[in-house]
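Take a look at the structure below.
Throughout, read-outs are computed from the coordinates displayed, never taken from laboratory work. Fair warning: this is a prediction, and the values are worked out from it, not measured in the lab. Cβ atoms come from the backbone with ideal geometry, glycine included; neighbour counts cover every protein chain shown.
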Amino acid sequence: VQLQASGGGLVQVGGYLRLSCEASGATFRSYTVAWFRQVPGKEREFVTSIRWSGGNTYYTNSVKGRFTISRDNRGNTVYLQMNSLKPEDTAVYYCAAGRPITSSVTNKDAYYYWGQGTQVTVSS
């Protein structure tokens, strides 16, 4: 599965962006798809995930109520709607796909397909 992340950009504090993660070579239908983010010098951190079968979602506490992960009906694209953006949301955002068990959805090592990353910059 090849993943293509897009939608990043420069936005002011309080603004919004929608990221997309598109799959090619296969669909997402048997996977969990997640978004991670990384800033220079820090570990890649979990943001959110969606299990295609059942639609279960998980969010890291810092984005709850502001970010929403969703999927399309075709099985090819996952979206990350990011509202009320803060400077601390600035990072490179990566989408990933895998089949983690529930207790491992936040673990980047549980995902084996990764997109190339898209830069999100929130200016104050």
Exercise. What ³J(HN,Hα) values, in whole Hz, does the Karplus curve 6.51 cos²θ - 1.76 cosθ + 1.60 give for segment 93-106 when θ = phi - 60°, with x put for Gly and Pro?
Worked result: 9, 10, 9, 8, 9, x, 10, x, 6, 3, 6, 10, 5, 8
For this session: With an 8 Å cut-off on Cα pairs and a minimum separation of 6 or more residues, tell me the relative contact order of the chain in percent.
Result: 36 percent
For this session: Per residue, how big is the convex hull around the C-alpha atoms of the chain? Give it to me in cubic angstrom, could you?
Result: 93 Å³
For this session: Enumerate the amide H contacts of residue 47 below 5 Å, restricted to partners 5 or more residues apart or on another chain; note that Pro and chain-start residues carry no placed amide H.
Result: 35, 36, 37
Seminar exercise, completed: Within segment 36-52, the residues whose backbone N lies under 20 Å from a label point placed 7 Å from the Cα of residue 119 along the Cα-to-Cβ direction are 36-45
For this session: Compute the label zone of residue 39 within segment 57-75: residues whose backbone N is under 19 Å from the point 7 Å along Cα-to-Cβ.
Result: 60-64, 66-67
Exercise. Name the GluC sites (Glu not before Pro) in segment 29-124 that are in a loop by DSSP and that have at most 11 other C-beta atoms within 10 Å, would you?
Worked result: 43
Problem set entry | DSSP beta bridges in the chain [antiparallel fraction, %, rounded to 5] | 90 percent
Seminar exercise, completed: Once phi for every residue in segment 6-19 is put through the Karplus expression 6.51 cos²θ - 1.76 cosθ + 1.60 (θ = phi - 60°), the whole-Hz ³J(HN,Hα) values, with Gly and Pro written as x, are 8, x, x, x, 9, 9, 7, 3, x, x, 9, 8, 10, 8
Seminar exercise, completed: Looks like segment 68-109, by Cα gyration tensor root eigenvalues a ≥ b ≥ c and the a/c under 1.5 rounded cutoff (else prolate when a/b is bigger than b/c, oblate otherwise), is oblate
Exercise. Given 0.36 nm per residue, what is the gain on full extension from residue 18 to residue 109 after removing their alpha carbon distance, in nm?
Worked result: 30.3 nm
